[in-house]
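Written out below as structure tokens is the structure these notes cover.
We did not get these values from a lab; they are worked out from the coordinates using the rules stated. Just so it is clear, the model here is predicted, and its values are computed rather than measured. No Cβ is skipped: glycine too gets one built from the backbone with ideal geometry, and neighbour counts run over all protein chains shown.
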């Protein structure tokens with residue numbers, strides 16, 4: 001069984017999905033999936049010899065997390081799973097996908113963003129290169145585009161990043177970095193008024 005690697009943005013596109021997220025999974029992810037499947041079977045949570053499959057791993061807050069997606073072919077006793085999640089929370093940090101995304105990642109992406117809407121243009125080339133200045137400009141750009149959740153997520157990720165270049169890379173995931181020289185006069189005047 002192979003565990004897929006996904007990003008937190010992939011999680012934010014799963015509006016209509018549900019699943020179990022376990023936090024702090026070190027070592028072999030395949031062994032984690034096998035072990036959790038076995039544990040849930042022994043506890044009478046997985047029914048009819050079904051098992052979680054198509055599990056995905058992602059990184060957040062310095063932790064490797066695993067998503068065990070609920071699908072029609074995985075039969076579970078939901079009540080027992082809810083109790084197991086609460087009883088083992090200290091060990092696995094278990095939570096539901098529908099709780100994790102709003103509380104840890106700033107919420108699910110709006111439908112138009114989910115379908116691959118363009119990143120907003122952000123004039124960073126030619127600005128003061130201080131990372132906090134660049135983060136502020138990118139955050140304002142996202143908020144003006146109605147992407148408050150992404151602005152918050154981007155700022156959190158930048159503050160947790162390990163280097164200037166990693167932080168720049170994160171900004172580039174959220175906005176299309178352009179030059180101040182590429183802005184029209186109206187945009188340039190608006191930018192000067194905000195500073």
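Taking a point 7 Å from the Cα of residue 18 along the Cα-to-Cβ direction, the residues of the range 69-102 with backbone N closer than 11 Å to it are 70-71, 78-79, 82, 96-99.
If you run the Gaussian network model on the chain, springs between alpha carbon atoms under 10 Å, then out of 135, 14, 83 the most flexible one is 83. Sorted from greatest to least, the principal axis extents spanned by the alpha carbons of the range 4-104 come out as 33, 30, 24 Å. With helices as the sole contributors, the chain gives -13500 deg cm²/dmol at 222 nm; each DSSP H run of n ≥ 4 counts as -39500 (n - 2.57), and the sum is divided by every residue.
Once the Cα-Cα distance is subtracted from the 0.36 nm per residue extended length, the residue 166 to residue 54 segment shows a gain of 37.4 nm. For the chain, a Gaussian network of Cα nodes joined below 10 Å ranks 15, 91, 37 by mean-square fluctuation, and the top entry is 91.
Between 173, 59, 72, the GNM of the chain built on Cα springs shorter than 10 angstrom shows 72 fluctuating the most. Each of 89, 60 was scored by other Cβ atoms within 10 Å of its Cβ. Arranged with the fewest first, they read 89, 60.
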